[in-house]
Amino acid sequence: MLKNAREFEKFEKELLRKEKDGFMKKLAILDGMYREAALLHIIPLKNPLDGLEIDIKIARVVSSV
């Protein structure tokens, strides 16, 4: 249990303010990850619908709860 919520909020705001990574840096990281996945032939998928049946079954089970 959080004993001092205001103190935690203050800490969280300070941490976010100090964060140096901006949007452009995060976009560059995402671009690098995409390029690496392409080099490893993970993407583009050979068959994009491969495994769709399993995803549908999982969605049905989750939705029924």
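Computed quantities for the displayed model
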{"read-out": "Condition check for residue 32: at positive phi, small (Gly, Ala, Ser) and surrounded by 10 or more Cβ atoms within 10 Å (Cβ to Cβ)", "value": "no"}
{"read-out": "Pairs with Cβ under 8 Å, 6+ apart, first in segment 7-23 and modelled with pLDDT of 85 or more, second not charged (D, E, K, R)", "value": "8/2"}
{"read-out": "Subset of segment 15-29 (residues that are surrounded by fewer than 10 Cβ atoms within 10 Å (Cβ to Cβ) and within 15 Å of the chain's Cα centre (by Cα))", "value": "23"}
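The values are calculated or read from the model by the stated rules, or taken from the named source; none is laboratory data. Computed from a prediction, not measured in an experiment: that's the story for all the values here. Using ideal geometry, Cβ is built from the backbone for each residue, glycine included, and neighbour counts are taken over all protein chains shown.
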